[in-house]
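Down below is the structure, laid out as structure tokens.
The values are calculated or read from the model by the stated rules, or taken from the named source; none is laboratory data. Worth saying up front: this structure is predicted, and the values here are computed from it rather than measured. Neighbour counts are summed over all protein chains in view; Cβ atoms, including those assigned to glycine, are modelled from backbone coordinates with ideal geometry.
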Amino acid sequence: MVAVPVALRTALRRGLPADRLAVAVAAMANAASFLLPTSNITSLLLLGRVPLATPAYVRDSWLPWILVTAVTLGPLAVWAANARPGQARAVAAGPSARAVLDLVPMFLVASGVRALLGTGLALHGSFPGQLAGAATLACAASNLPAAAVILPAGTPGLWAAILATTVGPNLLITGSVATLIARRIARDGGARLTAWQFSAIGAALVPAQLAAATLGLHITGVLR
């Protein structure tokens, strides 16, 4: 999460609202983390169940990624710029040891989900239904454990799972390990990344992000 300290330093130098920049960076980092197979560890876990060659992956992902980035970056830039400047002190170099404590409750819940689901959770139904189910699991147990238990069915199911574990976690601050680490870095840098604000932004953006990604997958031929 190098981008969070960079954003806070930018806030200090340019007089921008540090709190909003921290939220925007965390939300953008999650939503745009599916362009390449290696962009997110959740994608690598899912590709271990439904293999997809890198050229085929990029052929499927580039347009959905552009569309998701477009519907995310513009609104976040406007929202972050239209606020009174926040206060931020010297930025920490990275996550502190306290970040580990932030993650403990989430991993306890995730362990319980893993135990309950046993061998895994197969995705069935329509593409929107698979997206909704997998995103709910990712938000409830965090995206990494969700990716470890989801069993996609074919390439469309794979993309439903990838989008659900990258874009979907923007609905809750506990939906992504990266978001919790970003929150700790922001706090150490004197900025706030609050759960209610993050969820409010996610509720406004995630439907548009998933719709844009679905449109992109239709155009690239993944969904017919």
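Across segment 192-203, a minimum of one residue is classified as aliphatic (A, V, I, L, M), crowded, with 24+ Cβ neighbours inside 10 Å, part of a loop (DSSP other than H, G, I, E, B) and in contact with a helix residue (DSSP H, G or I) (Cβ under 8 Å, 6 or more places away or on another chain). Residue pairs whose Cβ atoms lie under 6 Å apart, separated by 6 or more positions or on different chains, with the first residue in segment 150-162 and under 18 Å from Ala31 (Cα atoms) and the second of a type in the set (Val, Ile, Thr) and crowded, with 24+ Cβ neighbours inside 10 Å, are Ala161/Ile150.
Note on segment 25-59: among residues that are without any contact (Cβ under 8 Å) to a residue 24 or more places away in the chain, surrounded by 14 or more Cβ atoms within 10 Å (Cβ to Cβ) and over 15 Å from the mean Cα position of the chain (by Cα), the one that is nearest to Leu73 (Cα to Cα) is Val58. Looking at Arg98, Arg114, just one residue is within 26 Å of Ala24 (Cβ to Cβ) and either aromatic (Phe, Trp, Tyr) or modelled with pLDDT under 85 (or both), and that residue is Arg98. Taking the residues in segment 11-57 that are of a type in the set (Gly, Ala, Ser) and part of a loop (DSSP other than H, G, I, E, B) as candidates, determine which candidate is farthest from Ala153 (Cα to Cα). So, considering only residues that are of a type in the set (Gly, Ala, Ser) and part of a loop (DSSP other than H, G, I, E, B), the one farthest from Ala153 (Cα to Cα) is Gly15.
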